[in-house]
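Taking it in order: structure first as structure tokens, then the write-up.
The values are calculated or read from the model by the stated rules, or taken from the named source; none is laboratory data. Keep in mind that what you see is a predicted model, and the values were worked out from it rather than measured. Cβ atoms come from the backbone with ideal geometry, glycine included; neighbour counts cover every protein chain shown. Heavy atoms of the whole protein, side chains included, go into the accessibility calculation; ligands, DNA and RNA do not. Shrake-Rupley method; radii C 1.70, N 1.55, O 1.52, S 1.80 Å.
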Amino acid sequence: MSDLESLILEYGRRAREAARALARSGTDQKNAALRAMADRLAAGGDAILEANRADLDKAAADGIGGAMLERLTLNPKRIQAMAEGIRQVAALEDPVGKVIAEWTRPNGLRISKVRVPIGVIGIIYESRPNVTSDAAVLCTKTGNATILRGGSESIRSNLAIAEALQAGASEAGLPADSILLIPRTDRDAVKYMAGMDKYVDLIVPRGGHALIETVVSHARMPVIKHYHGVCITYVDKDADLDMAVSVVVNAKTQRPGVCNALETLLVHRDVARAFFDKAAPLLAQKKVEVRGDESVRTALAQYPHLRSAAESDWTTEYLDYIMAAKVVDSAAEAVEHIERYGSHHSDCIVTKNEATAEDFLNAVDSATVYWNASTRFTDGAEFGFGAEIGISTDKLHARGPMALEELTTYKYLIRGTGQIKG
């Protein structure tokens, strides 16, 4: 057994012990720990920023730039936002112990279905160091121990954040091993974690397609995954075009390097020219490259950043100032395109026609479906969940923003008075 495998197995054993103790912690103690974690994170901002600068310097030397570098970057505002997110989670209702249903059988047995922690949750992620905080905080609130494995590009930032969170948790009397971050970034760490079903109850991968495929192929426990964020917006023939331009530009350019940013734009043929006349100047200001079909290229003939769309563009998550665009003849054609090429993450229709909108909302089989709003709202905080552990594009157990409730399971408690089976 290699040193790395031994290390990860030891982390698994420690996390399992911590999970058993953490599951018995009350809401007040968990909330006190979260507030202490927020205070420690905010107070340790300088050390975290110093670690982040080292990560950014290494990333730049390795040729990482653009949206990936932006995802990696921390600043005082983002650290304070992370701390405030922890406080918001502390203020949320604790799902653990909630009675989902209860009933009494004719024989007098009283049966309750109650929410409980899952146990030990492994989070494998890339690039964004704020995931370290989000994942640890949500797991703590729900009584789960967590083992974190971040990417090599953010290892220093992740270690600094985890150290602050661990200090806060211990200060409130939670088990020291409630939050564990693997200090090594060897690729084999993913394989060893995924095979550790004796200690890890669930794995949530957050990252690129290759990472998720690796986790899925090796996992011996359930995996909740977010494969792609190919988010699509359809501008209907009955759309308010000023609203449509605002929604599209926001969804594409407000923060293009995140999973809920718009990647493909569909526009009804009847309004294509008028829409692009309005949208083109704003997209050009941001230097958005549009990869369009023939009709889009005709409507945007003078646009400075225009390319022909290839078949692969309809399934690409750019995470950059690039957008695929296509003209369609109906809302039904837009739905068909979404079902064929989309990722079931976040899709939107902009229209004033309520009947068309309701048909779209019902027909599109995605985790989140919008009417007249930017897909950028697919986020745990925006949904009122506090932080999130990821956006699930699966259908079972969790779908969409994964927050507190999605990090619990349930068990049945049966109370009797001596009943025996006849």
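Our coupling estimate for region 120-131, obtained by passing each phi through the Karplus curve with A = 6.51, B = -1.76, C = 1.60 and θ = phi - 60°, is 10, 10, x, 10, 10, 8, 10, 6, 6, x, 5, 4 Hz, Gly and Pro reported as x. Rolling a 1.4 Å probe across the protein heavy atoms gives region 369-414 an accessible surface of 45 Å² per residue. Residues whose amide H comes within less than 5 Å of that of ALA325, counting only those at least five positions distant or on another chain, are LEU265, ARG291, GLY292, ASP293 (H built at 1.01 Å from N in the peptide plane). Remark: region 44-97 carries 52 Å² of accessible area per residue (probe radius 1.4 Å; ligands, DNA and RNA excluded).
Computed with a 1.4 Å probe over protein heavy atoms only, the accessible surface of region 145-232 comes to 36 Å² per residue.
Within the accessible surface of the chain, defined with a 1.4 Å probe on protein heavy atoms only, the carbon and sulfur portion equals 48 percent.
Here is the link list: LYS77/LYS198; LYS287/LYS395; LYS98/LYS191; LYS58/LYS395; LYS252/LYS352. Which ones come out longer than 28 Å on Cα distance? Over 28 Å apart, Cα to Cα: LYS77/LYS198; LYS287/LYS395; LYS98/LYS191; LYS58/LYS395. From helices alone, the chain scores -13000 deg cm²/dmol at 222 nm; the rule is -39500 (n - 2.57) for each run of n ≥ 4 DSSP H residues, then divide by the residue total.
Converting phi to 3J(HN,Hα) with the Karplus coefficients 6.51, -1.76 and 1.60 and the offset θ = phi - 60°, region 166-174 yields 4, 5, x, 5, 5, 4, 8, x, 7 Hz in sequence order, with x at every glycine or proline.
Using C-alpha pairs below 8 Å separated by at least 6 residues, the relative contact order for the chain is 19 percent.
Within the chain, antiparallel bridges make up roughly 30 percent of the DSSP beta bridges whose residues both belong there. For the Cα trace of region 133-254, dividing Rg by the Kirkwood Rh returns an Rg/Rh value of 1.12. Rg and Dmax, both from the Cα atoms of the chain and both in Å, are 23.5, 83. Specify the residue with the greatest mean-square fluctuation among GLU405, GLU84, GLU102, computed from a Gaussian network of the chain linking alpha-carbon atoms under 10 Å apart. Largest GNM mean-square fluctuation: GLU102. Distance distribution P(r), region 1-128, all Cα-Cα pairs, bin width 10 angstrom from 0: 10, 23, 30, 24, 9, 4, 1, 0 percent. The HN-Hα couplings worked out from phi for region 407-418 by the Karplus form 6.51 cos²θ - 1.76 cosθ + 1.60 (θ = phi - 60°) are 9, 10, 10, 8, 9, 9, 10, 10, 10, x, 10, x Hz, whole numbers, x standing for Gly and Pro.
Loop-located chymotrypsin sites (Phe, Trp or Tyr not before Pro) across region 361-422 with a Cβ neighbour count of 15 or fewer within 10 Å are PHE383, with loop assigned by DSSP.
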